[in-house]
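Asks: I'd like to ask some things about the structure below.
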Amino acid sequence: MFKTPLSLFAVTGLLLFLTAGLATADNHGGKKIKVLLIDGQNNHDWRRCSPVMTSTLEATGRFSIHRETVTEADVIDWIVDFSAYDVILSNYNGKPWQEKTQKAFVKYIEEGGNLVVVHAADNSFREWKEYNLMIGLGGWGGRNETDGPYVYWKDGKIVRDESKGRGGSHGRAWEYKVVVRDTEHPITKGLPTEFLQAKEELYDRLRGPAENMKILATALAKGGSERHEPVLMTITYGKGRIFHTVMGHDHKSMHGVAFQETLIRGTEWAATGKVTFPPVSPETLPVDKAVSRDPKDIKPAH
Ligand code: ZN
């Protein structure tokens, strides 16, 4: 007579077990992308910028962020286990890392670790050859023709310009138009082909080795170089994937939907090689006005 209730108990237990399993697994098996955000030195306001990037990525439900703040005092002996993360997000423009840390970082990227470079992070480490191969292009820090060509878009093609001159400059801040040049790349495939970024300076005249680099989007540097300058780039280094965005000058322009959506997609692509976020409509990311958004208003996509 106890047979039936016991069986029911067993079946209920099994159902509970299965339901619990389903509840913790989203379409990525419940695993969040582990991001290591590095900051602590920058000629930009990293204290206000890093939280905007963290909230933007976390709002999607797809990422978990660990932050390492590396001050000038810390940098002498700072080291971290890069291999514990799917992707490194650099908001760092500061003193060189110790040799041991540089070597560990190069090994991590060579073996398939990944990197996202935001704005002035491409000003860092002029003397570090491997880092410049990873970022493709950089600016300031004394960069010039010995660091590599200028690279820009002209008449439907990428130009590598070896002429002499400084690496890195910008005109006045304005709402610049980003034009997608590679509509098939996973990062840009789901984006409108043209959109405005929130008011900020636009980097131009960057220089670097620019090897294994793709330019996904450009913007015309009005009042600057007057060229179509790279805004979104991907680079491969060893087995590593790198996403480089020149957007993100300050915490206000990081509220720009253009910055946020490209950061989200670029970080997922760097970490996994894919973008699973749905396309972004021209209503969300228009070309006739620059829209900004509190990261709290980003809807979780996963
Ligand atoms: Zn800036």
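Asks: In the set 145, 127, 68, which member is closer than 19 Å to residue 35 by Cβ and of a type outside the set (Ser, Thr, Tyr)?
Replies: From the options 145, 127, 68, the qualifying one is 68.
Asks: Looking at the range 188-197, which of its residues are open to solvent by less than 10 Å² (accessible area, probe 1.4 Å) and either part of a strand (DSSP E or B) or within 16 Å of the ligand (Cβ to nearest atom) (or both)?
Replies: 195, 197
Yes/no matrix, rows are residues, columns are (1) over 19 Å from residue 251 (Cα atoms); (2) of a type outside the set (A, V, I, L, M); (3) modelled with pLDDT of 95 or more:
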{"residue": "43", "(1), (2), (3)": "no, yes, yes"}
{"residue": "49", "(1), (2), (3)": "no, yes, yes"}
{"residue": "67", "(1), (2), (3)": "no, yes, yes"}
{"residue": "72", "(1), (2), (3)": "yes, yes, yes"}
{"residue": "76", "(1), (2), (3)": "yes, no, yes"}
{"residue": "79", "(1), (2), (3)": "yes, no, yes"}
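Asks: Now for a different question. Go through 242, 215, 235, 264 for me and flag whichever is in a helix (DSSP H, G or I) and among the hydrophobic types (A, V, I, L, M, F, W, C).
Replies: 264
Asks: Now for a different question. Considering only the range 53-64, state which residues are open to solvent by 10 Å² or more (accessible area, probe 1.4 Å) and over 13 Å from the mean Cα position of the chain (by Cα).
Replies: Passing the criteria: 55, 58, 59, 61, 62, 64.
Asks: Specify the residue that is least open to solvent (accessible area, probe 1.4 Å); the eligible residues are those in the range 117-163 that are away from the ligand (no atom under 15 Å from the Cβ), of a type in the set (S, T, N, Q) and not in a loop (DSSP other than H, G, I, E, B).
Replies: Out of the qualifying residues, it is 132.
Asks: Additional query: From the list 281, 292, which one is in contact (Cβ under 8 Å) with a residue 40 or more places away in the chain and touching a strand residue (DSSP E or B) at 6+ places or on another chain (Cβ under 7 Å)?
Replies: The unique qualifying residue is 292.
Asks: If you scan the range 280-293, which residues turn out to be in contact with a helix residue (DSSP H, G or I) (Cβ under 8 Å, 6 or more places away or on another chain) and open to solvent by 60 Å² or more (accessible area, probe 1.4 Å)?
Replies: Of everything in the range 280-293, just one residue is in contact with a helix residue (DSSP H, G or I) (Cβ under 8 Å, 6 or more places away or on another chain) and open to solvent by 60 Å² or more (accessible area, probe 1.4 Å), namely 292.
Asks: Evaluate the range 66-87: report whether one residue or more is within 16 Å of the ligand (Cβ to nearest atom) and either aromatic (Phe, Trp, Tyr) or not in a helix (DSSP H, G or I) (or both).
Replies: Checking the range 66-87: not a single residue is within 16 Å of the ligand (Cβ to nearest atom) and either aromatic (Phe, Trp, Tyr) or not in a helix (DSSP H, G or I) (or both).
Asks: (1) modelled with pLDDT of 95 or more; (2) out of contact with any Lys or Arg (no Cβ under 6 Å at 6 or more places or on another chain); (3) of a type outside the set (A, V, I, L, M): which one isn't true of residue 2, the others all being true?
Replies: In the conditions (1) modelled with pLDDT of 95 or more; (2) out of contact with any Lys or Arg (no Cβ under 6 Å at 6 or more places or on another chain); (3) of a type outside the set (A, V, I, L, M), residue 2 misses (1) alone.
Asks: Still on this structure, please answer the following. From the list 299, 274, 252, 239, which residue is charged (D, E, K, R), within 16 Å of the ligand (Cβ to nearest atom) and open to solvent by 30 Å² or more (accessible area, probe 1.4 Å)?
Replies: The match here is 252.
Asks: Looking at the range 198-219, which of the residues that are touching a helix residue (DSSP H, G or I) at 6+ places or on another chain (Cβ under 7 Å), more than 18 Å from residue 142 (Cβ to Cβ) and not charged (D, E, K, R) is farthest from the ligand (Cβ to nearest atom)?
Replies: Checking each candidate, the answer is 216.
Asks: Look at residue 244 and say whether it is of a type outside the set (Val, Ile, Thr), closer than 26 Å to residue 130 by Cα and open to solvent by less than 60 Å² (accessible area, probe 1.4 Å).
Replies: Spelling it out, residue 244 is indeed of a type outside the set (Val, Ile, Thr), closer than 26 Å to residue 130 by Cα and open to solvent by less than 60 Å² (accessible area, probe 1.4 Å).
Asks: Filter the range 181-225 for residues that are of a type in the set (Val, Ile, Thr) and in contact (Cβ under 8 Å) with a residue 40 or more places away in the chain; which is farthest from residue 116 (Cα to Cα)?
Replies: Per the criteria, the residue is 218.
Asks: Sticking with this one: Under the condition of being open to solvent by 10 Å² or more (accessible area, probe 1.4 Å) and assigned to a loop (DSSP other than H, G, I, E, B), which residue from the range 172-187 is farthest from the ligand (Cβ to nearest atom)?
Replies: Out of the qualifying residues, it is 184.
The values are calculated or read from the model by the stated rules, or taken from the named source; none is laboratory data. The structure presented is a predicted model; accordingly, all values stated were derived computationally and were not measured. No Cβ is skipped: glycine too gets one built from the backbone with ideal geometry, and neighbour counts run over all protein chains shown. Side chains included, ligands, DNA and RNA excluded: accessible areas come from the protein's heavy atoms. Shrake-Rupley method; radii C 1.70, N 1.55, O 1.52, S 1.80 Å.
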